[in-house]
């Protein structure tokens, strides 16, 4: 099984969404948070990584609700 998740594309998509809605909006804030969390996830291990993944799941859920 391969991981076809493209980190650079995810960041680019989040930046595009943030630009579309504005950085100082609820959507823009969630996008900024996720961009930073993705960056921090790259070197994270153990409990730190698990904590980031939990925060990211919450941010993704909130972003999905905001963009409905």
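Quick check on my filter: what residues within region 56-68 are without any contact (Cβ under 8 Å) to a residue 24 or more places away in the chain and either in a loop (DSSP other than H, G, I, E, B) or surrounded by fewer than 16 Cβ atoms within 10 Å (Cβ to Cβ) (or both)? Result: 57, 58, 61, 64, 65, 68. If you check 22, 46, 51, 28 for being surrounded by fewer than 14 Cβ atoms within 10 Å (Cβ to Cβ), modelled with pLDDT of 95 or more and touching a helix residue (DSSP H, G or I) at 6+ places or on another chain (Cβ under 8 Å), only one passes: 22.
Going by the structure shown, is residue 4 surrounded by fewer than 16 Cβ atoms within 10 Å (Cβ to Cβ) and either in a helix (DSSP H, G or I) or at pLDDT below 95 (or both)? When the stated conditions are applied, residue 4 passes them.
Residues of region 18-42 that are closer than 13 Å to residue 62 by Cβ and assigned to a helix (DSSP H, G or I): 26, 27, 28, 29, 30, 31, 32, 33, 34, 37.
The values are calculated or read from the model by the stated rules, or taken from the named source; none is laboratory data. As the structure is a prediction and not an experimental result, all values here were calculated from the model. Cβ: placed from backbone, ideal geometry, glycine included. Neighbour counts: every protein chain shown.
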